[in-house]
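*Asks:* Here it is: the structure, laid out below.
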Amino acid sequence: MTIILDGKKLRDKLLDGLKLKIDKLDKKPSLAVILVGEDAASKIYVNNKKKMAEKIGINSQIINYPSDIKEDKLLEKIEELNADDSVNAILVQLPLPKHIDKFKIINAISPLKDVDGFTSENSGKLFSGQKPYAYPCTPKGILLLLDEYGINPEGKHVVVIGRSNIVGKPLAVMMLNRNATVTVCHSKTKNLAEITKTADILISAVGEKVIEDSSMMKVDSIMVDVGIFKDENGKTRGDVNFDEISKVTSYISPVPGGVGPMTIASLMINTFELFELQNKRSSGT
Ligand code: GUN
């Protein structure tokens, strides 16, 4: 019998604890989210972030811009938020429209307010084994979820499918930092099934049907599904054929209810940690 990695349950537990801490504060942590354009999925994600922030007592604001916004205007806004002491955390929802240089935008965020951990300073720290001010939310959420179930990646073969800057790459490094043996697969990987079959922990972050057949899995391995999309019938699903794959796994994360809630939990935790860090710095302790 496989065990479900229940991200919703852990999110609620972590955020209940965080809310208790925030309730005791006079000044509340604050998150600013920049959303450019009309992408439906991004709008839903951003609204969910705001709702959760409100629920636990984090102040939040969504700053909306049309998709034809000029890069300079965005840079100006980020500068303003950097200088605003009442804002502790800044998130620019990705993807951005093609005419905007996303790296320029991300790197304009003060590393101390970079709640995604995406700036060159924070990702450089992560990649060199130093502690960034914030860890990318989805990889952090995955590690919190595995930790909750007593799953230690040390010495395990972790196979990550997907090499995005948001999930695959930082996750691979965080797993390496936890002493896993890591393989990263992607769209040009040959014989994917030969590799996935050797995984003790398989993590798929693609957004397509990737793991359909249990012959791709090692028996009793752990499956973490990061993908989320609607199938041809409009049903929300992940990269993994849950009904088939859960027959052979020891642990598996569902979609929805697995990694998604953990990403939001990590965002809230990161916002709180940046708030604490900035307060410590300004009080000189
Ligand atoms: N788009 C999809 N996931 C993320 C994320 O974790 N952070 C940001 N900024 N944009 C995203």
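*Asks:* Only one of I166, I161 is open to solvent by 40 Å² or more (accessible area, probe 1.4 Å) and among the β-branched types (V, I, T); which?
*Replies:* Of I166, I161, the one residue that is open to solvent by 40 Å² or more (accessible area, probe 1.4 Å) and among the β-branched types (V, I, T) is I166.
*Asks:* Next up: Looking at N165, N191, N152, N241 in this structure, which one is at pLDDT 95 or above and in contact with an Asp or Glu (Cβ under 6 Å, 6 or more places away or on another chain)?
*Replies:* Going through N165, N191, N152, N241 in turn, the sole match is N241.
*Asks:* Find the residue count for the stretch 114-148, including only residues that are within 14 Å of the ligand (Cβ to nearest atom) and without any contact (Cβ under 8 Å) to a residue 24 or more places away in the chain.
*Replies:* 2
*Asks:* Turning to a different aspect of this structure: Only one of (1) over 24 Å from L143 (Cα atoms); (2) of a type outside the set (G, A, S); (3) open to solvent by 70 Å² or more (accessible area, probe 1.4 Å) is not met by P97, so which one is it?
*Replies:* With (1) over 24 Å from L143 (Cα atoms); (2) of a type outside the set (G, A, S); (3) open to solvent by 70 Å² or more (accessible area, probe 1.4 Å) applied to P97, the lone miss is (3).
*Asks:* Further question on the same structure: I'd like to know if the stretch 114-128 contains one or more residues that are touching an Asp or Glu at 6+ places or on another chain (Cβ under 9 Å), surrounded by fewer than 21 Cβ atoms within 10 Å (Cβ to Cβ) and modelled with pLDDT of 95 or more.
*Replies:* Checked the stretch 114-128: at least one residue is touching an Asp or Glu at 6+ places or on another chain (Cβ under 9 Å), surrounded by fewer than 21 Cβ atoms within 10 Å (Cβ to Cβ) and modelled with pLDDT of 95 or more.
*Asks:* Also, quick follow-up: With respect to L74, determine if the residue is touching a residue at least 40 places away in the same chain (Cβ under 8 Å), in contact with a strand residue (DSSP E or B) (Cβ under 9 Å, 6 or more places away or on another chain) and over 30 Å from I252 (Cα atoms).
*Replies:* Yes, satisfied.
*Asks:* With without any contact (Cβ under 8 Å) to a residue 40 or more places away in the chain, over 20 Å from the mean Cα position of the chain (by Cα) and within 18 Å of E148 (Cα to Cα) as the only criterion, which of S221, S187, S215 stands out?
*Replies:* It is S221.
*Asks:* Say we look at the stretch 15-32 and pick out the residues that are open to solvent by 80 Å² or more (accessible area, probe 1.4 Å) and in a loop (DSSP other than H, G, I, E, B); which of these is nearest to M262 (Cα to Cα)?
*Replies:* K24
*Asks:* Does I105 count as away from the ligand (no atom under 16 Å from the Cβ), closer than 28 Å to I44 by Cα and crowded, with 18+ Cβ neighbours inside 10 Å?
*Replies:* The answer is no for I105.
*Asks:* Test of understanding: among L35, L5, which residue is under 20 Å from L144 (Cβ atoms), under 19 Å from the mean Cα position of the chain (by Cα) and surrounded by 16 or more Cβ atoms within 10 Å (Cβ to Cβ)?
*Replies:* Only one candidate qualifies: L5.
*Asks:* State yes or no: is K50 basic (K, R) and within 14 Å of the ligand (Cβ to nearest atom)? Steps first, please.
*Replies:* Values: basic (K, R): yes; within 14 Å of the ligand (Cβ to nearest atom): yes.
Yes.
*Asks:* Name the one entry in G207, G257 that is assigned to a loop (DSSP other than H, G, I, E, B), of a type in the set (G, A, S) and either open to solvent by 70 Å² or more (accessible area, probe 1.4 Å) or touching a residue at least 60 places away in the same chain (Cβ under 8 Å) (or both). Reasoning before the result, please.
*Replies:* Numbers: G207 fails: either open to solvent by 70 Å² or more (accessible area, probe 1.4 Å) or touching a residue at least 60 places away in the same chain (Cβ under 8 Å) (or both).
Result: G257 is the single residue among G207, G257 that is assigned to a loop (DSSP other than H, G, I, E, B), of a type in the set (G, A, S) and either open to solvent by 70 Å² or more (accessible area, probe 1.4 Å) or touching a residue at least 60 places away in the same chain (Cβ under 8 Å) (or both).
*Asks:* Taking the conditions exactly as written (open to solvent by less than 70 Å² (accessible area, probe 1.4 Å), more than 19 Å from the chain's Cα centre (by Cα) and among the acidic types (D, E)), does D200 satisfy them or not?
*Replies:* Yes, satisfied.
*Asks:* Of all residues being outside any helix (DSSP H, G or I) and aromatic (F, W, Y) in the stretch 101-138, which is nearest to A265 (Cα to Cα)? Just the residue, please. Give the derivation first.
*Replies:* Of all residues in the stretch 101-138, those outside any helix (DSSP H, G or I) come to 101, 109-110, 114-119, 128-136.
Still in the list and also aromatic (F, W, Y): 118, 133, 135.
On the way: F118: 17, Y133: 17, Y135: 12 Å.
Among those residues, the one meeting the criterion is Y135.
Results for (1) under 17 Å from D114 (Cα atoms); (2) away from the ligand (no atom under 16 Å from the Cβ); (3) open to solvent by 70 Å² or more (accessible area, probe 1.4 Å); (4) more than 21 Å from the chain's Cα centre (by Cα), shown as yes or no for each residue.
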residue: Y45; (1), (2), (3), (4): no, no, yes, no
residue: K55; (1), (2), (3), (4): no, yes, yes, no
residue: Y65; (1), (2), (3), (4): no, no, no, yes
residue: K70; (1), (2), (3), (4): no, yes, yes, yes
residue: K73; (1), (2), (3), (4): no, yes, yes, yes
residue: A89; (1), (2), (3), (4): yes, no, no, no
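*Asks:* Would you call L171 within 15 Å of the ligand (Cβ to nearest atom), part of a helix (DSSP H, G or I) and open to solvent by less than 10 Å² (accessible area, probe 1.4 Å)?
*Replies:* Details: within 15 Å of the ligand (Cβ to nearest atom): yes; part of a helix (DSSP H, G or I): yes; open to solvent by less than 10 Å² (accessible area, probe 1.4 Å): yes.
The answer is yes for L171.
The values are calculated or read from the model by the stated rules, or taken from the named source; none is laboratory data. Just so it is clear, the model here is predicted, and its values are computed rather than measured. Virtual Cβ from ideal backbone geometry, glycine too; neighbours counted across all protein chains shown. Only protein heavy atoms, including side chains, enter the accessible area calculation; ligands, DNA and RNA are left aside. Shrake-Rupley method; radii C 1.70, N 1.55, O 1.52, S 1.80 Å.
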